[in-house]
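Remarks on the structure that follows.
Laboratory data are not the source of any read-out in this text; all were calculated from the coordinates shown. Remember, predicted model here, so these are calculated numbers, not experimental data. Note: ideal-geometry Cβ built from the backbone for every residue, glycine included; neighbour counts use all protein chains shown.
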Amino acid sequence: MAQENYGQDAPTVVRNLAIIGGAILLGAWTTGTGGLWFRQLPAWVLALRPTLVATGWVLVAMAAWMVVSSRWLKPQVLKSLLDQHAWRGDEAVLDIGCGRGLVAIAAARRAPHGYVTGIDLWQEVDLAGNSPAAIHANAVAAGVADRLTVDTGDARALPYPDASFDVVASMTAIHNIPDAAGRTTAIAEAWRVTRPGGQILIYDIRHARAYAAQLKTLGAVDIRMSLPILLWGVLGWRFAATKPA
C-alpha cells in the first residue's frame, strides 16, 4: 500500500549545510591527525582547528534540525494550526502553496463532506519533489483524492471568485514571495477569496505578524497569534483570523 510522503523543505539548503559542515569537520579532523597535506599548514591555520570543529558541528546540526522540522515537527504545527478552526465537516478549503499536500490532505480529512483546492507554482527549490503528481499520489494514499483539486497558479493572483472558500490556509509558503509588496498582494488575495464568516489560517516564518497586521486593517477579527515557533532554524508564527459575516 502506498504511503504518504510530504518531502523535505528547502532540500538544497539542507544538502549544502550537510556537505559544507561535513567537509569542515573532515578537514579539521585530518589537521588534528597531522596527516596528509594539512601538516604543511602554518601554525596560525592549525590554531583555528577548534573554531572549525565548532563551525562544522553547527552546520551539520542545522541540517539535521531542518530534516527533523520537515519530517516530524511540521505536522505537529499543522495540527495546531487546523485546530484553530471549529470544523463542521462540509467546508470549502483553499490551501495556498499546497506543495505535496500536507495541509490540503489534513483539511480534507477534517471536512469529509467538503472540498479542498490546492494551488502552487511547484518550485522544487522550496520542497523536494514538489509537483501536481506528488500531491495527487499523497491524496490517493490518504483516500481523499475525490475531494481534492489541484491548480497551478500564483498566490498574488488567485484564479477564484470573491468569497469562494470557508477556510483559506497556508503553511510556510508566502514567505517565498521575495518582495514585501508581493506578500501584501498575496494576503489581500487570501482575504478576497474568503467568505464572510470564514477563516484564514497561516503559519509562516519571518513575516507572519505582518500578515496578521494587514488582515486586521482589512477588517479581520478574532486574530489569534501563537508564541514564536522554531522550525528549520528560523522563528515563525501561527495565527487564525476571521472575516466578519
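What relative contact order, as a whole-number percentage, does segment 83-242 give when Cα pairs under 8 Å and 6 or more residues apart are counted?
On the way: 320 pairs, mean separation 32.4, N = 160.
Relative contact order here is 20 percent.
Hey, how much of the P(r) for segment 191-245 falls beyond 18 Å, as a percent of Cα pairs? Walk me through the intermediate numbers first.
Numbers: 446 of 1485 pairs.
Cα-Cα pairs in segment 191-245 separated by more than 18 Å: 30 percent.
Is segment 114-176 best put as rounded, prolate or oblate by its Cα gyration tensor, with a ≥ b ≥ c the root eigenvalues, rounded for a/c under 1.5, and otherwise prolate when a/b is larger than b/c, oblate when not?
Details: a/c = 1.92, a/b = 1.04, b/c = 1.84.
Oblate, because a/c is 1.5 or more while a/b does not exceed b/c.
For helix 180-193, what angle does its Cα long axis make with the longest principal axis of the chain, in degrees from 0 to 90 and rounded to 10?
Tilt of helix 180-193: around 30 degrees.
Can you work out the Karplus-derived ³J(HN,Hα) for every residue in segment 73-81? Use 6.51 cos²θ - 1.76 cosθ + 1.60 with θ = phi - 60°, whole Hz, and x for glycine or proline.
Using θ = phi - 60°, the values come out as 7, 4, x, 5, 5, 4, 4, 5, 5 Hz.
In degrees between 0 and 90, to the nearest 10, how far off the longest principal axis of the chain does helix 49-68 point, with axes built from Cα atoms?
Here the helix axis deviates by roughly 20 degrees.
So what's the angle, to the nearest 10 degrees on a 0 to 90 scale, between helix 208-218 and the longest Cα principal axis of the chain?
20 degrees
Please report, for the Cα atoms of the chain, the Rg to one decimal and the Dmax as a whole number; what are they, in angstrom?
21.5, 74
Lys and Arg at +1, Asp and Glu at -1: add these up for the other residues within a Cβ distance under 13 Å of Arg209 and post the number. Before the final figure, lay out each step's value.
Values: positive: Arg183, Arg206, Lys216, Arg224, Arg238; negative: Asp204.
Local charge sum for Arg209: +4.
Could you give the dipole magnitude of the chain about its Cα centre, charging the beta-carbon of Lys and Arg +1 and that of Asp and Glu -1, in debye to the nearest 20? Don't skip to the end; give the middle numbers.
Working: 21 positive and 18 negative charges, 151 e Å.
Taking the Cα centre of the chain as origin, the dipole is about 720 debye.
Given H placed 1.01 Å from N in the peptide plane, which residues other than close sequence neighbours of Asp83 have an amide H under 5 Å from its amide H?
none
Would you pull out the residues with amide H under 5 Å of Thr117's amide H, same chain only if 5 or more places away, H placed 1.01 Å from N?
It is Val93, Leu94, Asp95, Thr149, by chain and number.
Counting other Cβ atoms within 10 Å of each Cβ, which trypsin sites (Lys or Arg not before Pro) in segment 193-241 have at most 15 and sit in a DSSP loop?
Values: sites: Arg206, Arg209, Lys216, Arg224, Arg238; in loops: Arg206.
Passing sites in segment 193-241 are Arg206.
Each residue of segment 167-177 in turn: what ³J(HN,Hα) in whole Hz from Karplus with 6.51, -1.76, 1.60 and θ = phi - 60°, glycine and Pro shown as x?
Each residue of segment 167-177 in turn: 10, 10, 10, 7, 9, 6, 10, 5, 5, 6, 6 Hz.
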